[in-house]
Amino acid sequence: MCGIVGAIAQRNVAKILLEGLSRLEYRGYDSSGVAINNEVGVRAHRAVGKVQALKNKFEATPLDGKIGIAHTRWATHGKPTENNAHPHFSGDDLAIVHNGIIENHEKLRTRLKEQGYVFKSETDTEVIVHLIHYELRDESDFLLAVKNALKYLEGAFAIAVTLNDQNHRLVAARKGSPLVVGVGIEENFVASDQLALLHVTDQFVFLEEGDVVEVTRDGVTIFDSKDVIQERPVHVFNHNVDATDKGEFRHYMMKEIYEQPKVIAACLEGRISDNKVLTDCFGVDSSFLKSVENVHIIACGTSYHAGMVAKYWIEDLANLPCTVEVASEYRYRKVAVPKDTLFLTLSQSGETADTLAALRKAKELGYLTSLAICNVPSSTLVRESALTLLTNAGAEIGVASTKAFTTQLTALLITSIAIASEKEALSAIKEAELVNSMRSLPAHIDEALKQDVAIKKVSDRFANKHNALFLGRGPMFPIALEGSLKLKEISYIHAEAYPAGELKHGPLALVDEDMPIITMVPHNSMLDKLKSNLQEVAARGGELYVFADKDAELQNTEGVIFTEVPKVDEILEPIVHTIPLQLLSYHVAVVKGTDVDQPRNLAKSVTVE
């Protein structure tokens, strides 16, 4: 989603801001801009498209100054145009950048117009900067004017504001959108993501909900939601030098697909012994596992698909009821909470707005406790959840999630086994078997990646396709949903997924020689049923792309393209069968010539509703 960078230093901040925006490109955006304070006022460049377009403007007309703010915008209010790009201004000296959505912007806009303010954009953001300007009429102190203006705002926001005054400071605030402070030597920074500032600092202060911060060259002053000054701890970023480097790969997505054996091993490390799951991985007090009688999983997008797989595992292994729900639906309905229900959230970024809102609602509803499975240890979701299990996937840059998904599945399997073991629904012998299977998972993923060349050849057949159908049975149905999502995200091919047993209830009407049918056929108890479903497709001229292990006894025939997947323990099948679907989506997108890492209209971290 939108990205914020702000800097105040003894040196020119233009390069700092532009580099910060470049590091935020992975989040998804459609325009960008920079505003810099100097002796003549606030001066800015804004551009539609890639950050490079903004850099070109700086090369033609440099801007110098020691205080500045910058932004990448993902359009919500108003089309992607230069007028709608941030920063926005009120007068010649006041500028703002903003992430989030102001829900009462129309009412505020009307009031401000009555006061003589002229709006130059369609955005909700311009309302904030004019409101601060209006407060400055009666309150000469910049910080207090910002605080007063924030009282009128309804919705979610992270903002950074500069005023070309003599106090040399910028003011920032957060409510519902992430914001961090970067700490340097005689220079300080703000950003919506740590990655934006790693070229200038590795020390960060994470702002809490409702915080307002005054940033100068010499220090940072944080006011909490009750306007009380707070000392928040400084965290040192744990560098991964490979995080933002594509290395030998053409795209981040492919790099991250190939990182999966390594990151799954990292997710397992310290969580399993020779024969059991180590329950202290959930925190010092893991006694909640014995008390769990129900599990409620809340997530969005790819994370929701991971939760759907976990439902099969939890109900099979622990014999406990498990419900899985999209966060944006959960937060707006009346929820009945069974006794001793574990509230489990999933998010790659830990900043997903709907998931955070669901967690805050759940805290008022009497759940047993909350557990977050997340990839970002410093995220809001982690900080606000009672318990956390980190996926340890490392920074994921590609918008289409790959390694974050499979590490979520790995963490969910650890959780499922832990609950089953503590509830005594799983024998020690069976737990040891499952743990031994998990230990081999990285090697199986590595083996699955060896089909890359074969899958690349298959992808050429999708060059002129406009639709695709994914099928799966049991826990493979959520994997079919994930495969469908990946294909549509990055290749723009319309794709749907169905349980294979539902073919005769509608989807069979879509099947013809122009509709590729992709399905996973693991050798398990559902094999014969699934083969019958595939015969229904073949009989109607459908072109089948089958991913199966060799024991399924399938082979290439007319209308059937078979790709072998490693034979694994049944419980690992959803994770391993994900790999060929990721590779297929990637190669099809390359064939179609789309932007793999930054697909149109999408963002990496969805921080608004």
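The values are calculated or read from the model by the stated rules, or taken from the named source; none is laboratory data. Quantities reported herein were computed from a predicted structural model and do not represent experimental measurements. Methodologically, a virtual Cβ is constructed for each residue, glycine included, from the backbone with ideal geometry; neighbour enumeration extends over all protein chains shown.
Data table
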{"quantity": "Unmet criterion (only one of (1) at pLDDT 95 or above; (2) crowded, with 21+ Cβ neighbours inside 10 Å) for N294", "calculated": "(2)"}
{"quantity": "Filter pass, E231 being at pLDDT 90 or above, loosely packed, with under 15 Cβ neighbours inside 10 Å, more than 25 Å from G398 (Cβ to Cβ) and in the same structural domain as V171 (by TED's automatic domain parsing)", "calculated": "yes"}
{"quantity": "Residues being in a helix (DSSP H, G or I) and either within 30 Å of L278 (Cβ to Cβ) or out of contact with any helix residue (DSSP H, G or I) (no Cβ under 9 Å at 6 or more places or on another chain) (or both) - total across the range 462-482", "calculated": "4"}
{"quantity": "Options A411, A404; residue that is within 25 Å of I490 (Cα to Cα) and assigned to a helix (DSSP H, G or I)", "calculated": "A404"}
{"quantity": "The range 314-334, residues that are within 18 Å of A372 (Cβ to Cβ), assigned to a helix (DSSP H, G or I) and either at pLDDT below 95 or not β-branched (V, I, T) (or both)", "calculated": "A327, S328, Y330"}
{"quantity": "The range 221-246 residues that are within 20 Å of S22 (Cα to Cα) and of a type outside the set (V, I, T), paired with ones that are in a loop (DSSP other than H, G, I, E, B) and at pLDDT 75 or above (beta carbon under 7 Å, 6 or more apart)", "calculated": "F237/L198; F237/D202; H239/D202; N240/G394; N240/A395; A243/G394; A243/A395"}
{"quantity": "Flag for S140 being over 25 Å from K79 (Cα atoms) and either crowded, with 21+ Cβ neighbours inside 10 Å or in the same structural domain as G176 (by TED's automatic domain parsing) (or both)", "calculated": "yes"}
{"quantity": "Residue among D274, D285, D280 that alone is assigned to a loop (DSSP other than H, G, I, E, B), out of contact with any helix residue (DSSP H, G or I) (no Cβ under 8 Å at 6 or more places or on another chain) and in the same structural domain as C374 (by TED's automatic domain parsing)", "calculated": "D285"}
{"quantity": "Looking only at the range 579-593, and only at residues there that are in contact with a helix residue (DSSP H, G or I) (Cβ under 9 Å, 6 or more places away or on another chain) and more than 16 Å from A468 (Cα to Cα), the one that is surrounded by the most Cβ atoms within 10 Å (Cβ to Cβ)", "calculated": "I579"}
{"quantity": "Index of the failed condition, H466 passing every other in (1) outside the structural domain of D597 (by TED's automatic domain parsing); (2) surrounded by fewer than 24 Cβ atoms within 10 Å (Cβ to Cβ)", "calculated": "(1)"}
{"quantity": "Filter result for the condition that a residue is touching a residue at least 40 places away in the same chain (Cβ under 8 Å) and touching a strand residue (DSSP E or B) at 6+ places or on another chain (Cβ under 8 Å), over V213, V263, V277", "calculated": "V213"}
{"quantity": "Conditions (1) more than 24 Å from I314 (Cα to Cα); (2) of a type in the set (G, A, S); (3) part of a loop (DSSP other than H, G, I, E, B); number of the one not met by A454", "calculated": "(3)"}
{"quantity": "Top-ranked residue in the range 335-358 [being of a type outside the set (S, T, Y), more than 13 Å from the chain's Cα centre (by Cα) and outside any loop (DSSP other than H, G, I, E, B); ranked as surrounded by the fewest Cβ atoms within 10 Å (Cβ to Cβ)]", "calculated": "A357"}
{"quantity": "For A95: the one exception among (1) surrounded by fewer than 24 Cβ atoms within 10 Å (Cβ to Cβ); (2) under 13 Å from T162 (Cα atoms)", "calculated": "(1)"}
{"quantity": "Criterion (among the small types (G, A, S) and surrounded by fewer than 24 Cβ atoms within 10 Å (Cβ to Cβ)) met by exactly one of A418, A404, A425", "calculated": "A425"}
{"quantity": "Check on Q408, at pLDDT 90 or above, out of contact with any Phe, Trp or Tyr (no Cβ under 6 Å at 6 or more places or on another chain), under 20 Å from F206 (Cα atoms) and of a type in the set (S, T, N, Q)", "calculated": "no"}
{"quantity": "First in the range 105-123 and farther than 18 Å from L136 by Cα and assigned by TED's automatic domain parsing to the domain that holds S90, second anywhere and among the aliphatic types (A, V, I, L, M) and assigned to a helix (DSSP H, G or I), Cβ under 6 Å, 6 or more apart", "calculated": "H105/V127"}
{"quantity": "Single unsatisfied condition, K262 versus (1) under 22 Å from the mean Cα position of the chain (by Cα); (2) surrounded by fewer than 20 Cβ atoms within 10 Å (Cβ to Cβ); (3) modelled with pLDDT under 90", "calculated": "(3)"}
{"quantity": "Output for the range 426-451, where each listed residue is farther than 16 Å from K567 by Cβ and β-branched (V, I, T)", "calculated": "I429, V435"}
{"quantity": "Among (1) part of a strand (DSSP E or B); (2) at pLDDT 95 or above - the single one M520 does not satisfy", "calculated": "(2)"}
{"quantity": "Unique residue being out of contact with any Asp or Glu (no Cβ under 9 Å at 6 or more places or on another chain), in a helix (DSSP H, G or I) and outside the structural domain of K255 (by TED's automatic domain parsing) when the list is I445, I419, I429", "calculated": "I445"}
{"quantity": "First in the range 495-506 and surrounded by 15 or more Cβ atoms within 10 Å (Cβ to Cβ) and part of a helix (DSSP H, G or I), second anywhere and modelled with pLDDT under 80 and of a type in the set (S, T, N, Q), Cβ under 6 Å, 6 or more apart", "calculated": "A500/N533; L503/N533"}
{"quantity": "Qualifying position, being closer than 23 Å to E208 by Cβ, of a type outside the set (A, V, I, L, M) and crowded, with 21+ Cβ neighbours inside 10 Å, among G68, G100, G155", "calculated": "G100"}
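Conditions (1) among the charged types (D, E, K, R); (2) outside the structural domain of L356 (by TED's automatic domain parsing); (3) touching a helix residue (DSSP H, G or I) at 6+ places or on another chain (Cβ under 9 Å), marked per residue:
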residue: V13; (1), (2), (3): no, yes, no
residue: I16; (1), (2), (3): no, yes, yes
residue: K50; (1), (2), (3): yes, yes, yes
residue: H71; (1), (2), (3): no, yes, yes
